[in-house]
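Here is the structure we will look at.
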Amino acid sequence: MDDARVELVGWGEGDFWLLERANAPEMTAHLGGPENAEQLERRHRRYLELPAGGMYRLELAGSGETVGSVGFWERQWRDTTVWETGWEVLPEFQGRGLAVAAARGVQAAARATGAHRYLHAFPRVDHAASNAVCRKAGFELLGEVEFEYPKGSWLMSNDWRVDLASG
């Protein structure tokens, strides 16, 4: 897998369209469904103002074509602060290994901060594609956990982790 297949480009004011584009039922089925306009605007602001971590638009290397997004942010987990990550690849670009490249790229970005030892991903247990991305990107499966997302909604997720100290 060549991680240079995608480039992580810092989230910018002009990237709101990507949130709108990804706000389709097929893209949000494992995330609680589409958001309304106000929720999308709040998400965009959070991405722009992320106090720690980073949010990125994914570009296909060499073409500059936007294929999705990836990010990492702080989360309190089991009495410690860790990085959490999530990604999405637009439907027409899925199945090409781009999410795996993005997950590896975000590991490097989180590692470079030197702030936290672990990066976690929490895909729903029934989200086969995201669980496969975690496995292929080198995350270790720690097991199933009850996870709150969106706020007020509990679901069963897999807890995948990468030890950023192991290089």
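The values are calculated or read from the model by the stated rules, or taken from the named source; none is laboratory data. In this text, all values refer to a predicted model and were calculated from it rather than measured experimentally. Note that each Cβ is placed from the backbone with ideal geometry, even for glycine, and that neighbours are counted across all protein chains shown.
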Q: Return yes when LEU40 is surrounded by 11 or more Cβ atoms within 10 Å (Cβ to Cβ), part of a helix (DSSP H, G or I) and either of a type in the set (Gly, Ala, Ser) or over 15 Å from the mean Cα position of the chain (by Cα) (or both) and no when it is not.
A: yes
**Q.** region 112-134: number of residues that are in a helix (DSSP H, G or I) and crowded, with 20+ Cβ neighbours inside 10 Å
**A.** 3
Q: Please list, ordered by first then second residue, the pairs with beta carbon atoms under 9 Å, 6 or more apart or interchain, first in region 125-137 and in contact (Cβ under 8 Å) with a residue 24 or more places away in the chain, second among the aliphatic types (A, V, I, L, M) and part of a loop (DSSP other than H, G, I, E, B).
A: ASN131/VAL125; LYS136/MET1; ALA137/MET1
(Q) So for region 69-82 (the condition being touching a residue at least 40 places away in the same chain (Cβ under 8 Å), more than 15 Å from the chain's Cα centre (by Cα) and surrounded by 14 or more Cβ atoms within 10 Å (Cβ to Cβ)), does at least one residue qualify? (A) yes
(Q) List pairs: first residue in region 29-43 and under 17 Å from TRP11 (Cα atoms), second residue surrounded by 15 or more Cβ atoms within 10 Å (Cβ to Cβ) anywhere in the structure, Cβ distance under 8 angstrom, at least six positions apart or on different chains. (A) LEU40/PHE16; LEU40/LEU19; LEU40/ASN23; GLU41/PHE16; ARG43/LEU19; ARG43/GLU35
Q. Can you tell me which of GLU35, GLU59, GLU20 is closer than 22 Å to ARG111 by Cβ and surrounded by 11 or more Cβ atoms within 10 Å (Cβ to Cβ)?
A. GLU59
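Yes/no per residue for (1) small (Gly, Ala, Ser); (2) over 30 Å from GLU20 (Cβ atoms); (3) in contact with an Asp or Glu (Cβ under 7 Å, 6 or more places away or on another chain):
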| site | (1), (2), (3) |
| --- | --- |
| TRP87 | no, no, no |
| ARG111 | no, yes, no |
| PHE139 | no, no, no |
| VAL145 | no, yes, yes |
| ALA165 | yes, yes, no |
Q.
Please go through region 72-98 and give me each residue that is part of a helix (DSSP H, G or I) and touching a Lys or Arg at 6+ places or on another chain (Cβ under 9 Å), ordered by number.
A. LEU98
Q: Please work out which residue is surrounded by the most Cβ atoms within 10 Å (Cβ to Cβ), limiting yourself to region 1-17 and to residues that are at pLDDT 85 or above and not in a helix (DSSP H, G or I).
A: VAL6
